[in-house]
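What follows is one structure encoded as structure tokens, with my remarks underneath.
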Amino acid sequence: MQCLTDRCLCECCNALTVHPSLPALTPIADKGDEWDVDCHWMSHCANGRAVVIRRGFHTDGASIPRLAWRVIGHPFSKDILPHALAHDALYASEAMTRRECDDWFAESMRISGVSAVKRNAIWSAVRMFGGWVWRRHDVRGVFAARQSVRLIGEEEHDALFRVKDVRFMAQPF
């Protein structure tokens with residue numbers, strides 16, 4: 001079976017969407033604010049590492065309280081979403097320490113040109129309130145996330161960026 005679109009909305013291909021493009025997302029009917037990632041997606045490199053997310057991963061976008069939307073932006077705005085998606089994946093899989101995840105998040109936003117004011121506000125909120133999410137992790141949830149998330153180095157990122165196919169990952173999902 002061939003995928004007929006450049007967005008991987010099916011189970012039949014290994015295409016990889018790469019930053020700055022965003023993956024297609026579908027709302028999860030019974031989960032309110034959660035969305036399914038519909039295609040494999042790779043972030044850009046920050047601090048020498050990139051995040052690869054397998055389709056099927058769940059995200060809530062950027063966890064921004066509605067009151068802060070006017071200042072920070074909508075949780076699914078294009079300037080925040082790619083960083084929030086990767087940060088959600090890093091947190092869920094505990095691929096790094098919490099501090100390293102948050103610092104990766106800040107550096108990712110800096111590289112993409114998110115303003116210092118917005119970036120620091122988001123980073124401060126994550127540092128202040130992210131521990132609550134981190135402490136709620138359980139072994140099953142972390143294990144499940146690790147089936148959908150890979151942290152890769154710059155060389156592998158550059159190679160995957162060229163071929164845009166997850167079959168060429170050094171360590172497949």
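Computed from point charges on the beta carbon alone (+1 for Lys and Arg, -1 for Asp and Glu), the dipole magnitude for segment 16-168 about its Cα centre is near 240 Debye.
Here each label is just a point 7 Å from Cα along the line to Cβ, and for ARG127 and ASP36 those points are 3.8 nm apart. Projected over all directions and averaged, the alpha-carbon convex hull of the chain occupies 10.2 nm². Can you give the relative contact order of segment 1-130 as a percent, counting alpha carbon pairs under 8 Å and 6+ residues apart? Computed value for segment 1-130: 17 percent relative contact order.
Simple spin-label estimate for ARG99 and GLU155 gives 2.9 nm between the two label positions (7 Å along the Cα-to-Cβ direction from each Cα). Anisotropy class assigned to segment 26-85 is oblate, per the alpha carbon gyration tensor with a/c at or over the 1.5 cut-off and a/b no larger than b/c. Using Cβ point charges alone (K and R +1, D and E -1), the dipole size of segment 130-173 about the Cα centre works out to roughly 320 debye. Could I have the simple spin-label model distance between HIS137 and ARG167, label points 7 Å from Cα toward Cβ, reported in nm to one decimal? Modelled inter-label distance: 3.2 nm. Residue ranges 34-43, 82-91 sort as 82-91, 34-43 when ordered by packing (mean number of other C-beta atoms within 10 Å per residue, highest first). Taking GLY130, GLY32, GLY113 as the candidate residues, the one with maximal mean-square fluctuation in a Gaussian network model of the chain, Cα springs under 10 Å, is GLY32. Each helix, a run of at least 4 DSSP H residues, gives -39500 (n - 2.57); summed and divided by the residues of the chain, these come to -12000 deg cm²/dmol at 222 nm. So what's the net charge close to HIS74: Lys and Arg +1, Asp and Glu -1, counting the other residues with Cβ under 15 Å from its Cβ? Taking every other residue near HIS74 into account, the sum is +1. Ranking GLN147, GLN171, ALA159 by how far each Cα lies toward the positive end of the dipole of segment 133-173 (charges on Cβ) leaves GLN147 at the top. The distance from the alpha carbon centre of segment 22-92 to that of segment 144-173 is 18 Å, rounded to a whole number.
Listed by number, the DSSP H helices of the chain that run 24 Å or longer by alpha-carbon position along their axis and have mean Kyte hydropathy of at least 0.0 are 116-135.
Taken together, the values in this text are just the output of simple stated rules run on the coordinates, not laboratory data. Predicted model only: the values in this text are computed from it and were never measured. A quick note on method: Cβ atoms are made from the backbone with ideal geometry, for glycine too, and the neighbour counts reach across all protein chains shown.
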